[in-house]
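Working notes for the structure below.
Each reported figure results from applying straightforward, stated rules to the coordinates on display, with no laboratory input. For clarity, every value in this text was computed on a predicted model and none was experimentally measured. We place every Cβ from the backbone using ideal geometry, glycine too, and count neighbours over all the protein chains shown.
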């Protein structure tokens, strides 16, 4: 492959992965074309894109990019899964789909600058909360004391309306 063609591929990878903050790398060797097509279609329905990459060129394209942590996973025949959603969502989708594809192998994943190695890493990432889930948990924890206080005030109000006396606590 000429240097010009390599440079064009690196530029294309830079364009495709420009907005990707994380991704999952899978090994597609051993998968027949029917399985690969079904896998890509199922991922596309979730907004996840799949790009088969030339590993050395992908490593070059990913330098200085959030996907650079995927370098250890880029070996042999590799496909990078990426999309507008969090790599947690991508990991969840591919782990769910992998149940029906025994030959599918996970190489690794990245999330928030961290690298998750192999099948265990991708499965671990798939169990993490997404940003939205984490924020809703934080909001719930932050609002819990207010809800409790509101319950106490409501109880005091109801007792006072019934003419009951409220004794000082503590």
| If you compute Kirkwood radius over Cα pairs in Å for the structure shown, which of (1) 18.7; (2) 16.1; (3) 22.9 do you land on? | (1)
| request: Could you compute the FRET efficiency for residue 155 and residue 127, with r as their C-beta to C-beta distance and R0 at 45 Å, rounded to 0.05? | output: 0.70
| remark: Taking 0.36 nm per residue of separation between residue 165 and residue 101 and subtracting their Cα-Cα distance, the length gained on full extension comes to 16.2 nm
| Cα-projected label distance for residue 63 with residue 119, points at 7 Å along beta-carbon direction, nm | 3.5 nm
| Angle between the Cα long axis of helix 33-45 and the longest principal axis of the chain, 0 to 90 degrees, nearest 10? | 40 degrees
| remark: Expressed in nanometres to one decimal, the distance between label points 7 Å along Cα→Cβ at residue 19 and residue 5 is 3.1 nm
| remark: Longest principal axis of the chain (C-alpha) makes with the long axis of helix 3-16 (C-alpha) an angle, in degrees to the nearest 10, of 20 degrees
